[in-house]
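Structure, as structure tokens:
The values are calculated or read from the model by the stated rules, or taken from the named source; none is laboratory data. Since we're looking at a predicted model, the values are computed, not measured. Using ideal geometry, Cβ is built from the backbone for each residue, glycine included, and neighbour counts are taken over all protein chains shown. Ligands, DNA and RNA are stripped out before the accessible areas are found, and what is left, the full protein with its side chains, is counted by its heavy atoms. Shrake-Rupley method; radii C 1.70, N 1.55, O 1.52, S 1.80 Å.
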Amino acid sequence: MKPYESPWMDDDLRMLREAVSRFVETEMLPHEAQWRKQKHVDRGTWRKVGEAGFLLMDVPGEYGGGGGDFRHEAVLYEECNRRGLSGFGQGVHSIAAHYVLNYGTGEQKQRWLPRMASGELIGAIAMTEPGAGSDLKGIRTRAVREGDEYVVNGSKIFITNGSIATILMLVVRTDPNDRSRGLSILMVETENLPGYRVGRVLDKMGMAAQDTSELFFEDVRVPVGCLLGSEEGRGMHMLMGDLPYERLTIALGGVAAMEGAYEETVRYTRERQAFGQKIGDFQNTRFKLAEVATQVRVARVFVDRCIEQLVAGELDTETAAMAKWWVTDIQQKVMDECVQLFGGYGYMNEYLVCRMFADSRVQRIYGGTNEIMKELISRSI
Ligand SMILES: Cc1cc2nc3c(=O)[nH]c(=O)nc-3n(C[C@H](O)[C@H](O)[C@H](O)COP(=O)(O)OP(=O)(O)OC[C@H]3O[C@@H](n4cnc5c(N)ncnc54)[C@H](O)[C@@H]3O)c2cc1C
């Protein structure tokens with residue numbers, strides 16, 4: 001089959017991909033089993049990724065970023081996800097940084113972005129609460145202004161990078177009487193912060209190396225200078241504006257994981273023997289691989305188009321939602337077929353397709369569930 005290359009690739013990006021791929025193979029992949037055992041990625045790895053210049057590649061150089069665009073970020077997503085490195089929460093780190101970039105003052109950008117680009121600060125997005133997931137307007141974590149500080153009380157759940165994060169993009173309620181305009185965003189540095197506590201690192205179906213956690217806030221004092229946006233109450237507005245970026249990162253991760261699983265499965269079916277022949281020679285296997293190859297290619301072409309639109313500043317909410325729900329639905333079907341072709345080995349955690357199958361399930365749930373994506377799309381019809 002003719003190899004496919006994304007139309008947005010160029011010579012610079014090819015060189016970047018080679019460097020990123022080498023880095024992932026030597027500095028990340030050898031530690032992955034340990035990360036899964038300890039349920040988090042080492043903070044030192046974040047530093048190394050930052051030192052290599054691979055964090056915030058689409059943030060301007062004046063703020064410590066790489067000065068590139070989303071295509072540069074995409075290379076790291078792809079190289080991690082095709083190898084099943086689902087514990088490294090680059091996505092939420094970059095998304096949190098983009099809120100600072102898009103809504104922060106000059107002083108706030110200088111305060112946080114260079115340290116996020118170096119890996120000194122590790123970002124997390126803290127929105128979801130036990131009583132508020134899809135329905136974010138139900139957020140209850142309260143921030144009450146007292147002089148030059150906010151006093152924060154409440155809790156968050158399912159927070160990616162939760163236990164190692166040192167800067168939170170924290171969604172809080174500043175007005176208890178206005179469901180939608182009562183939300184605000186605070187950027188909160190968590191190291192040695194009185195009243196802040198990380199709860200359980202949650203025991204999940206997949207993504208074993210990812211420290212998805214509970215967070216607790218008890219009279220946590222946050223300077224008013226950490227409020228994002230020019231005034232209180234702009235939380236929902238800011239969240240809506242940045243969602244296409246977040247949803248595209250999820251879709252892109254899904255495509256890259258499918259590509260990795262497909263390659264592994266082709267390799268395996270060429271080696272494994274049954275009934276005196278390679279399992280790849282059975283007509284069923286050939287047809288299943290033909291289906292998977294088609295599904296992966298169709299997903300890839302759509303996501304590539306979305307990447308081009310994002311880079312051009314033209315990716316709209318509905319198109320990003322389409323990419324998120326459709327790609328992640330297909331991702332789960334593809335992973336299921338790959339596991340099936342591995343037989344019993346496909347059910348063993350030591351095999352990449354097994355881990356990718358388990359990892360893929362949550363793609364339909366987080367970043368806005370796929371039902372919410374369809375809700376969004378349907379409103380524009
Ligand atoms: C591994 C993992 C990582 C996560 N990382 C983060 C993170 O970093 N930061 C963060 O803030 N959150 C994170 N989340 C939370 C995630 O975004 C939420 O779980 C998700 O938004 C769904 O919310 P919920 O779990 O409360 O489900 P609910 O909102 O209770 O939904 C339950 C079911 O009802 C459906 N439903 C709800 N409303 C509607 C509707 N209007 N129409 C049709 N169906 C509807 C949903 O689609 C779903 O099927 C993470 C979750 C997981 C599992």
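The residue list 97, 81, 123 was ranked by how far each Cα lies along the charge dipole of segment 1-142 toward its positive end, using unit charges on Cβ atoms, and 123 comes out on top.
Among 169, 207, the order of accessible area from largest down is 207, 169, computed with a 1.4 Å probe on protein heavy atoms. Annotation: per residue accessible area for segment 263-381 equals 54 Å², rounded to a whole number [probe 1.4 Å, protein chains only]. For segment 1-154, the solvent-accessible area with a 1.4 angstrom probe is 43 square angstrom per residue. May I ask what percent, to the nearest 5, of DSSP beta bridges between residues of the chain are antiparallel? Of all bridge pairs located within the chain, approximately 85 percent are antiparallel.
With all pairs of different C-alpha atoms in the average, the Kirkwood value for the hydrodynamic radius of the chain is 21.5 Å.
Placing +1 on the Cβ of every Lys and Arg and -1 on the Cβ of every Asp and Glu, with no other charges, gives the chain a dipole of roughly 1020 debye about its Cα centre.
Its relative contact order, with pairs defined as Cα atoms under 8 Å and 6+ residues apart, puts the chain at 16 percent. Over 27 Å between Cα atoms, which of 37/109; 204/324; 109/156; 2/333; 137/374 qualify? From 37/109; 204/324; 109/156; 2/333; 137/374, over 27 Å: 37/109. Which of these, 155, 230, 134, has the largest mean-square fluctuation under a Gaussian network model of the chain (Cα springs below 10 Å)? Judging by the Gaussian network model, the answer is 230.
For segment 203-270, the average shadow cast by the Cα convex hull is 7.9 nm², which is a quarter of the hull's surface. Here the accessible area of segment 225-363 is 51 percent carbon and sulfur, with a 1.4 angstrom probe and all protein chains present. For segment 90-218, the share of accessible area belonging to carbon and sulfur comes to 47 percent (1.4 Å probe, ligands and nucleic acids excluded).
For segment 288-356, the Kirkwood estimate of hydrodynamic radius, built from reciprocal distances between every pair of different alpha carbons, is 13.4 Å.
Close amide H contacts of residue 125 (hydrogens built in the peptide plane, cut-off under 5 Å, sequence separation of 5 or more or a different chain): 160, 169.
Along segment 137-146 the Karplus relation, 6.51 cos²θ - 1.76 cosθ + 1.60 evaluated at θ = phi - 60°, assigns HN-Hα couplings of 5, x, 4, 10, 4, 9, 10, 10, 6, 10 Hz to successive residues, with x for each Gly and Pro. Treating each Cα of segment 14-82 as one equal point scatterer and applying the Debye formula with no solvent, the log10 of I(q)/I(0) at q = 0.14, 0.17, 0.18, 0.25 Å⁻¹ comes out as -0.43, -0.63, -0.70, -1.16.
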